[in-house]
Every structure is written in structure tokens, then in C-alpha cells.
Amino acid sequence: MKPTPFIAGNWKMNETIAEATALVTALKDAVKDVKGIDIAVAPTATALSSVAPLLKGTNIALSSQNVHWADHGAFTGEISVNMLKEIGCAWAIIGHSERRQYFGETNEGVNKRATAAIRAGLGAIICVGETLAEREAGKTLEVVSTQVKEGLNGLTAEDSKLLVIAYEPVWAIGTGKVATTAQAQEVHAHIRSLLKAQFGDEAGAAVRIQYGGSVKPGNAAELLAQPDINGALVGGASLKAADFAAIIRAALN
Ligand code: PEP
């Protein structure tokens, strides 16, 4: 049986507080009847506390776009797990390719962030994915294997209950180029085998693997129908309530 689909919207560095509250108000209305799908939005840090009360009692969970591994201390610009939980976050996106590419985040750092999050009860959406050069060099599975193995180092089957992997080919993020269903399923199946090897068959099969990279209302259903695709991490299209709602509904099929 496939796990419950999980559709998350990564708003990146977009939306002021006023815009974020308007967006989430429209989204709440657009998906209020949806059942059987997990939904989350990840506003920018400044908007988290304004969006949180609007999501209470709804079918939409709150996510941050990152989290630090330390409880508190001299880590300028970072936010701890407890601070995010205090606001009402249930999830944190970790190791997004933009964090890796522009801010030097490493698999080791991803592992520390994810371990701290999960062990304190915050769900971790760990992002992995190859660049275009890596794909063209035939290194996709090798790169993704390293990111998954090092990112998940030390996590147990119990920890995996709060784990989600987002496979996001870097060349497909924000470019309008989406992976073909065959390309996506191939990598998802590979990630599934790594999860089963680490957590055992049952726990490994239960971990959601999201696809991310130019997911739109028009391509979501086909991607989400693949056997190892259990949801989507959506950037650009999550900034329009109607488009994000259409992607969520595509997971109902
Ligand atoms: C993302 O940033 O995680 C993403 C998938 O972006 P987009 O949907 O815009 O490609």
C-alpha cells in the first residue's frame, strides 16, 4: 500500500506577512474539503508566526525552510527546533539545493539538522538531487546515493517515521523543465531501495518520497501516479492558491 501522499509548498524568499496571510487564507478555502492527503506550506521565517494561527484546526501543516541542530547559541541567522515548534511548525525543509548551492550546506550539516529535528519531534523533509552536469555525466544515482546515505547517517527505523525525502533534480527547479515520469520514478525507486536497506522493508516502504522540480497542475497527476512518488515539493506553483490546490487534488487520483 502506498503511504499517504504529502504535498508541500516551499515559498522560498517570497511573500511579505500581508501576502503570506492572504495566500494561506485563499489556500485554506481552496482545499478545506480535501481528505487523505497531507499538506504543508513553508513560508519565509518572518511570516511563520502570522501564518501559524491561521492554520490551526485546518488540514494544512506549517513547515520552516530550514532548521539548526543546536538548541540555542551563537549561530547568527539560524533558528532552532524548539523555536520552530513553539511557533507551531510540524516540518522543516532541510538541505534544499538552494541551501547547498548558495550557502554551502553539506550532507554532514543536513544530517545534523535532520537528526536534531527528528529527535525533537519535528518532521524533516530532506532534499536531494543531481545537477545537470552530474546527470549528463551519468552520475545521478551515485550523487543521490551519497546524499541519502550521508544525510540519513545514524537515523533509525523509529526516526524514519518523521522523515520525508524530496527528490529534486537541480536542473528542474524553477526552470520549467520537469523530469520525465520515467526519470523521476527511476531515482525514486533507487531512493526506496536505500531506505529499505537502512530502515528495513516495512519502515523503508512507509517513508514518503516527494518529487520536486517544476511541478504544475498539468504534470502533477502523471508524476504522482508513479509507484514510488508519494507527493510533491512545490516551489513556484505553490505561490498561487489555485495552482497549489490543483496539484493537491491531483494526488487524490
Ligand atoms: C523547490 O524549490 O523545491 C521547487 C521544486 O521549485 P519549483 O517548483 O519552482 O521548481
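No value in this document is a laboratory result; all are computed from the given coordinates. Values in this document were obtained by computation on a predicted structure and should not be read as measured data. All Cβ positions, even for glycine, are placed from backbone atoms using ideal geometry, and neighbour counts span all protein chains on display.
What percentages make up the Cα-Cα pair-distance distribution of the range 154-202 when the bins are 10 Å wide from 0?
Final binned percentages: 23, 43, 26, 8.
Anyone know which of VAL24, VAL34, VAL81 comes out most mobile in the 10 Å Cα GNM of the chain?
Among VAL24, VAL34, VAL81, the largest mean-square fluctuation in the Gaussian network model of the chain belongs to VAL34.
Please give the FRET efficiency for LYS161 paired with ASN82, using the beta carbon to beta carbon distance and R0 = 22 Å, rounded to the nearest 0.05.
E(calc), rounded to 0.05, equals 0.65.
Could you check the simple spin-label distance between ASP201 and GLU222, using points 7 Å along Cα→Cβ, in nm with one decimal?
Using points 7 Å along Cα→Cβ, the separation is 3.3 nm.
Please report, to two decimal places, log10 I(q)/I(0) for the range 52-137 at q = 0.22 Å⁻¹ as given by the Debye formula with identical point scatterers on the Cα atoms and no solvent.
After summing over all Cα pairs, the log10 values are -1.03.
With a bin width of 10 angstrom, please list the P(r) values of the chain as percents of all Cα-Cα pairs, from the 0 bin to the one holding the largest distance.
P(r) over the chain, rounded to whole percents: 8, 34, 39, 18, 1.
If one puts a single equal scatterer on every Cα of the range 131-230 and applies the Debye formula without solvent, what log₁₀ I(q)/I(0) results at q = 0.10, 0.19, 0.23 Å⁻¹?
-0.26, -0.92, -1.24
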